[in-house]
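Scroll down for the structure; my scribbles are underneath it.
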Amino acid sequence: MRLFYSKTSPYARKVLVTVMEKGLAGEIEVVVTDPHVSDKVLAAVNPLHRVPALLLSDGTTLYDSPVICEWLDLQVATPRLVPKTGHGRWAVLKGQALADGMMDDAVANVMEARRPEGRQSLEQIARRTETLLDCTKALESELPGYPGALSLAHIAAGCALAYLDFRLPGLGWRSGSPTLSAWLEDFARRPSMQATRPDAD
Ligand SMILES: N[C@@H](CCC(=O)N[C@@H](CS)C(=O)NCC(=O)O)C(=O)O
């Protein structure tokens, strides 16, 4: 299987951390891809032209990251990252939606800031910044309710928060979310998180 991947994409990181936590690293070839330049290979496997995309051995492709992660979770029984039924399932899927939404707003602000100064919307940047701070506060209260110590919601949250620290270090989310900040410090020590650091060589 081939994973189309960019090391600075938090969505792609979520998938690769999931691959590693499921013990599937040996079965996946990582294809480093820049989705922001025209790439015919990526376009051929994903009409959205985005990473992550997972090309399966039967020639079909899966996207986007929630679909890929749920598929990966079903390939190996343990650790179960998305409970099959019950309250825990909805807590995990909702947690992933929160973290993915944070990635959406953070990535949008990073892209906006790369536009020429006169063409940036400072209003949009400010609105998304406020949303991001609200989301980290929501995560501060919701994360303790995620089932177990490791689920897809934990992985998504870890990748979203690490992306904030990587690309928007001035955001200052930690002061309003001290428990979350301590959790991230611990979670970031996992080998899967260390191996996928966006700033690593
Ligand atoms: N909802 C998608 C988002 C994927 C996404 O937006 N990836 C970005 C990289 S961070 C990308 O490939 N952008 C290229 C583009 O939009 O053209 C997912 O969860 O996989």
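The values are calculated or read from the model by the stated rules, or taken from the named source; none is laboratory data. Predicted model only: the values in this text are computed from it and were never measured. So basically every Cβ, Gly included, is an ideal-geometry build from the backbone, and we count neighbours across all protein chains shown. These accessible areas exclude ligands, DNA and RNA; they are computed on the full protein's heavy atoms, side chains included. Shrake-Rupley method; radii C 1.70, N 1.55, O 1.52, S 1.80 Å.
If we count every other residue with Cβ under 14 angstrom of Val110's Cβ, Lys/Arg +1 and Asp/Glu -1, where does the sum land?
Cβ neighbours under 14 Å give a net charge of 0.
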Query raised in the report: Please report, for the Cα atoms of segment 142-184, the Rg to one decimal and the Dmax as a whole number; what are they, in angstrom?
Result: 10.7, 31
Requested in this report: Please report, largest first and rounded to whole Å, the three semi-axes of the ellipsoid equivalent to segment 100-142, where each semi-axis is the square root of five times an eigenvalue of the C-alpha gyration tensor.
Outcome: 23, 10, 5
Report summary line: The Cα radius of gyration of segment 126-200, divided by 2.2 N^0.38 Å with N its residue count, comes to 1.07
**Report entry** Measure of compaction for segment 26-116 (Cα Rg per 2.2 N^0.38 Å)
**Finding:** 1.29
Query raised in the report: Hey, what number do you get for the chain at 222 nm if only DSSP H runs of n ≥ 4 count, each worth -39500 (n - 2.57), divided across all residues, to the nearest 500?
Result: -17500 deg cm²/dmol
**Report entry** Vicinal HN-Hα couplings computed from phi for segment 14-24 (Karplus, 6.51 cos²θ - 1.76 cosθ + 1.60; Hz; Gly/Pro x)
**Finding:** 4, 5, 5, 4, 4, 3, 5, 5, 8, x, 9
Query - Solvent-accessible area of Tyr5 with every protein chain in place, 1.4 Å probe, in Å² to the nearest 10 - result: 20 Å²
Requested in this report: First compute the accessible area of segment 138-201 with a 1.4 Å probe, then give the percent of it belonging to carbon and sulfur atoms.
Outcome: 53 percent
Report task. Please provide three numbers in whole Å: the alpha-carbon extents of the chain along the principal axes, with the largest listed first. Result -> 47, 41, 31
Report task. Please give the contour-minus-distance gain from Ala25 to Thr60: 0.36 nm per residue of separation, less the Cα-Cα distance, rounded to one decimal in nm. Result -> 10.7 nm
Query raised in the report: GNM, the chain, Cα, under 10 Å: largest mean-square fluctuation among Arg50, Arg13, Arg119?
Result: Arg119
Report task. Quick one: what are the phi-derived ³J(HN,Hα) couplings along segment 92-105, Karplus 6.51/-1.76/1.60 with θ = phi - 60°, whole Hz, x for glycine and proline? Result -> 5, 5, 5, x, 5, 4, 5, 5, 5, x, 5, 4, 4, 5
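First select every other residue whose beta carbon is under 9 angstrom from the beta carbon of Ala53; then total the charges, Lys and Arg +1, Asp and Glu -1. Intermediate results must be reported in sequence, preceding the final value.
Details: positive: Arg2, Arg50; negative: Asp64.
That sum, taken over residues with Cβ under 9 Å, equals +1.
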Report summary line: Total charge of the residues flanking Ala12 in space, meaning their Cβ is under 12 Å from its Cβ, with Lys and Arg +1 and Asp and Glu -1, is +2
Requested in this report: Rounded, prolate or oblate: pick one for segment 59-102, where a ≥ b ≥ c are the square roots of the eigenvalues of its C-alpha gyration tensor, a/c under 1.5 means rounded, and failing that, prolate if a/b is larger than b/c, else oblate.
Outcome: oblate
Report task. For Val30, list long-range residues whose amide hydrogen, built 1.01 Å from N in the peptide plane, is under 5 Å from its own amide hydrogen. Result -> Leu3
Query raised in the report: How far apart, in nm, are two points set 7 Å out from the Cα along the Cα-to-Cβ line at Val37 and at Lys137?
Result: 4.2 nm
Query raised in the report: Using a Gaussian network model of the chain with C-alpha springs under 10 Å, which one of Asp105, Asp186, Asp58 is most mobile by mean-square fluctuation?
Result: Asp58
